[in-house]
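Asks: Quick one: the structure is below, and I'll ask about it shortly.
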Amino acid sequence: MDKARVISLFIGVVRAKSFSQAAVEAGLTPQAVSKAVRQLEEHLGVRLFHRTTRSLSLTEEGLRLFELSNPGLRLLDEALDQVRNSRLEADGLIRVVAPMSIGAAVIIPLLPEFQRRYPGVHFDVQLDDHFTDLVESKIDVGFRAGNPPERNLVSRKLGEIVLVPCATPGYLAQHGMPRTVEDLQRHRCTGFRHPSTGRLMQWELQMDGATVYQEMPAVASFNTVEGELTAVLSGLGIGQLPVFMIEAELANGALVPLLPRTVSSNNGVFMYYQQRTLMPLRVRHFIDFVAERAPLRLAAQHGLLPAA
């Protein structure tokens, strides 16, 4: 027996003072409501109603059950109404996960503008380079680089990741300017080690209209893009870095882009989330806002590079 269901029907009968009216309000037949109440009486071992063809009244035990259970059901109804109404409110918590590089350079800078629009929203942001299961981690919106998630999720491409070889003016003054990919292989290069697999990633280059993956001898490798960027800025060597992370350094001359014909943009930045049905309004607003603003931020990186 579904105790919550039969008690709810019992209270409905008491309030309506009629099995028939309670059945209409519950979307059931009078027979189904009567059967549920009989089940409850049999379970309790007492009669709850005095029934005649013309009247319906509570027994003493029925009155006691109504007085004890009605406040609880009212609280439950209020709780359900509050949760239902929260879907229509733009206030509350949004949980976000993103790789460290994308989160710091693309997503976090958008949060102040969003919160100016919706000051009742606050965020829990997790920066993690590993793929995060939204359901298991109770995340509302995730971001990742590379390819879209191959899972039962909605994914939207926000833009491309432009990868460019670059170095400091000091490094180039000491070691010379590479003119070809073959020159690059004779230089001091840095490498990125995938945080999940530990594998040293090949450089992704455009050569003669095709994408080529090239092994580069690394004088140092890093498992975060932030670490590799710091090494390149210190003059350690030439690194292939995403332009969205080095906008300021390219603009102020701290880094010099190299070999513009080899610049690659095959990988993307993706936003992913569960189906939009039953999604809180604040999360829908955030998804639409990021879909509008992040592509503009990512597209701006193309203007920072010299023509190929």
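The values are calculated or read from the model by the stated rules, or taken from the named source; none is laboratory data. This structure is a prediction, so every number in the text was calculated from the model and none was measured. Cβ: placed from backbone, ideal geometry, glycine included. Neighbour counts: every protein chain shown.
Asks: Run Asp140 past the list (1) under 19 Å from Val256 (Cα atoms); (2) buried (at least 16 other Cβ atoms within 10 Å of the Cβ); (3) charged (D, E, K, R) and report the number of the one that doesn't hold.
Replies: For Asp140, the exception is condition (1).
Asks: Give me a count of the residues in segment 262-293 that are part of a helix (DSSP H, G or I) and either outside the structural domain of Pro112 (by TED's automatic domain parsing) or in contact (Cβ under 8 Å) with a residue 12 or more places away in the chain (or both).
Replies: Selection size over segment 262-293: 11.
Asks: Starting from segment 250-261, keep only residues that are surrounded by 19 or more Cβ atoms within 10 Å (Cβ to Cβ), then list their pairs with residues that are of a type in the set (D, E, K, R) whose Cβ atoms are within a distance under 6 Å, requiring at least 6 positions of separation or different chains.
Replies: Within 6 Å, the pairs are Leu255/Glu249.
Asks: Oh, and also: When only residues in segment 25-50 that are charged (D, E, K, R) and under 16 Å from Gly12 (Cβ atoms) count, which is surrounded by the most Cβ atoms within 10 Å (Cβ to Cβ)?
Replies: Glu41
Asks: Please specify each residue of segment 194-236 satisfying the condition of being surrounded by 13 or more Cβ atoms within 10 Å (Cβ to Cβ) and at positive phi.
Replies: Gly235
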